[in-house]
Amino acid sequence: MEMFLYLDNDTFLHRLDPRTKMLVMLATFVVALMFYSLNTLLILSAVVLIYGLVGKTLSNLKRIRFILLMIFLFSVVLWSLTYGGEPKLLGPISLEGILYGIVIGIKFDIMIIAGMIFLSSTKVEEISLGLVKIKVPYRGAFAFATAIRMVPMIVATSYTISQAQRSRGLDLDSGNLVERAKKYIPLLIPTIISVIRGTNVFAMALESKGFGYSEDRTNYLQISIKKGDLLVIFMALVVIAISVYYRFII
Amino acid sequence: MSKENMIELRNLSFQYKDQKDGKALEKVNLTISKGEFVLVMGPSGAGKSTMAKCLNGLVPHFNRGEYSGEVIVNGFVVKDTPVSTMAKEIGLVFQDFESQLFSTNTKLEIAFGPENFQVPRDEIHSRILEMFDLVDLHGMENRQPSTLSGGQKQRLAIGSILSTYPKIVCMDEPTTDLDPLGKIGIFNIANKLHAAEDVTLIIIEHETEESLNADRLILMQEGKIILDGKPSDVLREVELMADLGIMPLQIPKYFLENFGTSKTELPLMPEEGIAKFKELGASLDEQQHQSLIQMDMDREKAYGDVLIEVSGLEHIYPNGNKALAGIDFSVRDGEFVALLGHNGSGKTTMVKHFNGLLMPTAGKVMVKGQNTKETSIFEVGQHVGYVFQNPDHQIFSDTVYEEVAFSPKIRGCDQEEIDIRVKEALAAVGMSGTEEEDPFSMTKGERQRIAVASVLSARPDVIILDEPTTGLDYREQRQMMELVKKLNRNGHTIIMITHTMWVVSEYAHKVAVIKDGKMMMYGTTREVFSHDEELAKSFLKTPDIVHMSNLLGKTVLSVDELKQCTKGV
């Protein structure tokens, strides 16, 4: 099973500076959070997907397609039922409600997709180095990067554990909601314990490799703002500026 | 060799904060000089790992507790020095390689240590190249550590420590979780490091057979050093080793028990054994050997119906990896089969088909006459129990009773039946009376037993064990295998994945060797183990006593069997 989200390709996107990619992600969030027009969000989605396509990162979306779909469906169903509005189609469901649900669904999905593209095209070390360069303390940056790294490890462990418990007769697919929730206990407890044991060794290994020896450290990996970065940064800033202008000034 | 002291332990005692009984280390005195290669052995809980952690300061800085005495490493008083500073002097490698690696690619993993010590970037680059050479990872320069095999991961972990150029390297059971091929890789690195005279090397190991290369062998028990000497001398202390719970070498054990050979004369290796055997004028008794073969044949005839039948089994993982390439195999009632092969050979993939965890992508698997494709894992699970390698991947309850009762409860047994089954399962694993205890506070060997009991309580016909002896010390391994043997005698069919060859030779009835998704060898243990050379192609090495008997022309499987077949003197 693939543990990391990072896809090791050599594309324009991968070569961009992590700071640039963080800014692009920020720009995506700004636009997604500020606008409620379906057209604007669809254009944003198209731009983000093309951006992801450049980095050949879209294959990673397959891994979270279920989550994306569920968020979208929940949003549509929930808002259709609760939004009110006109014209009524069936019971409390209105066209406005459905549209609003779609807009909110896209908002969330596109932010998740933007985050996924960032993680798929940026090494964990680049993220922490990028954070250090924007003046986040190294320990903080490393902790953040480690948290990202931990997620796939936990998923891999829980996969083994679920196999072990299913072999003992655990059947997660039957019973009502409360019964099902209870059934996750045999999965949760061993996962938590394994992760705690693992992080303990991890902490010892870090110290044994001289982590925290001095405030300064060499960075074998080098990042720098290049021409391509400047172009992308410029575009992202323009997008943010225009968004703010339209939203707050006009 | 210079007599410069690299490591000095003076009256070192340590008790962990939450440790109730006794001390992890008790008044240990030890001196290791520059360039020495020291091997440390001892049963679980002997204090070996604690000692290793005392060397770089993880004890007492990371693991706290009551500390007295002094540790001086290359002039530094460890107690007063931060771990990150000690890291420059001594590199520590752990058993759990998964948790030691955290970088996106192998180069960055190796760069991490030197980065912390502010080594210039160009220098780091040349060290990376040097490390790939030293730990033999050519062509892996840009791989993600998670895509490497276990052996490669551990070699990378060692490389990531060596790149800081520590003067002392200490490895805490580096080979325990590795397959035979992986172990060879680690021993190769150890020998290279030893050849570089200025590196002091300390390895904590279970593998007795590789210890002859070391300069010193230290035996520990209950926080104390029991014996410290040249490996060839220490290894001749057969009885002492057995008492401590360390596996003695088989060849000296045989000569001591059979001929009463004096300590100084004991041969250690199979070739030496042959010479001694001839010198003593001994020979192998044809009749006794025939009776062993007859017993194998009788056992073969006594097996019952076919329980698991596999035909043309293929499995291709979603990522396109072909793990199994057409396997035909059957297991009859009452058999005890061992599956051998290095990691990634497909053994685990194969057995996961037997209880329905995986479905064939081609071919079919029949369990008790039922195609696994037409039934569920819940149903197959009643016939086939699966004990996973790591007991901590399945234990979740506060009490042993709850843990063992889980399976019968979920299968709808009433309270009375559950009580009976829990009692029966705990009795079978020798853990009666522990019902109210907390499984998490038990030793690994005990947790492994609870895991077996929790599978037994479903009363399966077949029990699959995935590396049941890994991470256990010799005494615990013996206890575990005696338990498995008893289960087999009581009518359970056993399928066991393992890398431990003596376990196979002494306990398994039959052996299947898997390589690259194909079955390379299959037959009775005696048959398969008579082919030393063919086994070597799958990086498998027969235990010393089997190897020696093969050289003598007749295959025996244990020291006791060889004693039975020895004639003369």
> Normalised by the number of residues in the stretch B:389-526, what is the relative contact order in percent for Cα pairs under 8 Å and 6+ residues apart?
Replying inline: 22
> Considering the zone a paramagnetic label at B:Ile420 would reach in this model (a point 7 Å from Cα along the Cα-to-Cβ line), which residues of the stretch B:445-459 have amide N under 19 Å from it?
Replying inline: B:454-459
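By average Cβ neighbour count within 10 Å, what is the ranking of B:49-58, B:357-366 from highest down?
Details: B:49-58: 24.6, B:357-366: 17.6.
The peptides rank, most packed first, as B:49-58, B:357-366.
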> Mind checking the angle between helix B:121-134 and chain B's longest principal axis? C-alpha axes, 0 to 90 degrees, to the nearest 10.
Replying inline: 50
>> Rounded to the nearest 10 Å², what accessible area does B:Tyr16 have for a 1.4 Å probe in the complete protein model?
In response: 50
> Under a 1.4 angstrom probe, counting protein chains only, how are A:Trp79, B:Trp502 ranked by accessible area, largest first?
Replying inline: A:Trp79, B:Trp502
>> Using a 7 Å offset from Cα along Cα-Cβ at A:Asn200, what residues in the stretch B:15-32 end up with backbone N under 18 Å from the label point?
In response: B:15-25
>> Give me the one-decimal Kirkwood hydrodynamic radius in Å for the stretch A:136-208, with the sum taken over alpha-carbon pairs.
In response: 14.2
> How many Cβ atoms of partner chains, on average, are near each residue of B:160-166 if near means within 10 Å of its Cβ?
Replying inline: 2
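Among the listed pairs A:Lys123/A:Lys226; A:Lys123/B:Lys352; B:Lys23/B:Lys485; A:Lys21/A:Lys56; B:Lys423/B:Lys486; B:Lys34/B:Lys79, which are separated by more than 24 Å between their Cα atoms?
Pairs exceeding the cut-off: A:Lys123/B:Lys352; B:Lys23/B:Lys485.
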> Within straight cross-link reach of B:Lys563, meaning Cα distance under 20 Å, which lysines are found once same-chain residues fewer than 8 apart are removed?
Replying inline: B:Lys253, B:Lys263, B:Lys276, B:Lys278, B:Lys554
>> Taking each residue in B:353-365, count the Cβ atoms of any other chain within 10 Å of its Cβ, then average. What number comes out?
In response: 1
> Gap in Å between the Cα centre of the stretch A:170-210 and the Cα centre of the stretch B:231-245?
Replying inline: 41
> Can you give the Kirkwood hydrodynamic radius of the stretch B:382-479 from its Cα pairs, in Å with one decimal?
Replying inline: 13.3
> What is the mean number of Cβ atoms from other protein chains located within 10 Å of the Cβ atom of each residue in peptide A:152-163, rounded to a whole number?
Replying inline: 3
> What shape does the stretch B:253-304 take by its C-alpha gyration tensor, where a ≥ b ≥ c are the square roots of the eigenvalues and a/c under 1.5 counts as rounded, a/b above b/c as prolate, and the rest as oblate?
Replying inline: prolate
> Extension gain A:Lys182-A:Lys56, at 0.36 nm per residue separation less the Cα-Cα distance, in nm?
Replying inline: 41.3 nm
> Taking every DSSP beta bridge that has both residues in the stretch B:437-569, what percent is antiparallel when rounded to the nearest 5?
Replying inline: 55
> Which percent, to the nearest 5, of DSSP beta bridges fully inside the protein assembly as shown are antiparallel?
Replying inline: 60
>> Once ligands and nucleic acids are excluded and a 1.4 Å probe is used, how much of B:Asp414 is accessible, expressed in Å² to the nearest 10?
In response: 100
>> Cut-off under 20 Å on the C-alpha distance; same-chain residues fewer than 8 positions from B:Lys373 excluded. Which aspartates and glutamates are left, in chain and number order?
In response: A:Asp171, A:Asp173, B:Glu309, B:Glu314, B:Asp328, B:Asp461
> Ranked from the most accessible area to the least, with a 1.4 Å probe and all protein chains present, what is the order of B:Ser549, A:Ser162?
Replying inline: A:Ser162, B:Ser549
>> Filter chain A for me: DSSP H helices, axial length by Cα at least 15 angstrom, mean Kyte-Doolittle hydropathy not below -0.5. List them by residue number.
In response: A:18-34, A:38-54, A:65-82, A:95-121, A:138-167, A:185-208, A:227-244
> Could you sort A:Tyr83, A:Tyr246 by accessible area so the largest value comes first, with the probe set to 1.4 Å?
Replying inline: A:Tyr246, A:Tyr83
>> With angles folded into 0 to 90 degrees, how steeply does helix B:106-116 sit against the dominant principal axis of chain B? Use alpha carbons for both and round to 10.
In response: 30
> If ligands, DNA and RNA are left out, what is the accessible area of B:His125 with a 1.4 Å probe, given in Å² to the nearest 10?
Replying inline: 80
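The values are calculated or read from the model by the stated rules, or taken from the named source; none is laboratory data. Computed from a prediction, not measured in an experiment: that's the story for all the values here. Cβ: placed from backbone, ideal geometry, glycine included. Neighbour counts: every protein chain shown. With ligands, DNA and RNA removed, areas are computed over all heavy atoms of the protein, side chains included. Shrake-Rupley method; radii C 1.70, N 1.55, O 1.52, S 1.80 Å.
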